[in-house]
Amino acid sequence: MGASGLEQFRRAGGEEAMDATLQDRLRQLVSSQLGVELDEVVEDARILDDLGADSLDVVELVMALEEAFD
């Protein structure tokens, strides 16, 4: 996408929509991997303290993220 196309994308709200889609995808993945409700996965949630993950859960989450975004 050239500079003008990128600028049109931004003006059309595409960047915000892409951010929201990525955030939704991440939230769904974290929810699924950790077995927590989707509404518990918020921006300020701490994986270990708030979502109840242990060290093995974190390793598995990282592997799932790598697979999903490879």
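Applied to segment 24-37, the Karplus parametrisation 6.51 cos²θ - 1.76 cosθ + 1.60 on θ = phi - 60° returns per-residue 3J(HN,Hα) values of 4, 4, 5, 4, 5, 5, 4, 4, 5, 5, 9, x, 10, 5 Hz, with x for Gly and Pro. Annotation: peptides 53-66, 21-34, ranked by per-residue average of other Cβ atoms within 10 Å with the highest first, follow the order 21-34, 53-66.
What the phi angles of segment 57-70 give under the Karplus curve with 6.51, -1.76 and 1.60, with θ = phi - 60°, is a coupling list of 4, 5, 4, 5, 5, 4, 5, 5, 5, 4, 5, 5, 10, 6 Hz, glycine and proline written as x.
The numbers here are math on the coordinates, done by the rules we state, and not lab data. Everything numeric here is computed off the predicted structure, so don't read it as measured data. Quick reminder, even Gly has a Cβ in these numbers, built from the backbone with ideal geometry, and neighbours come from all protein chains shown.
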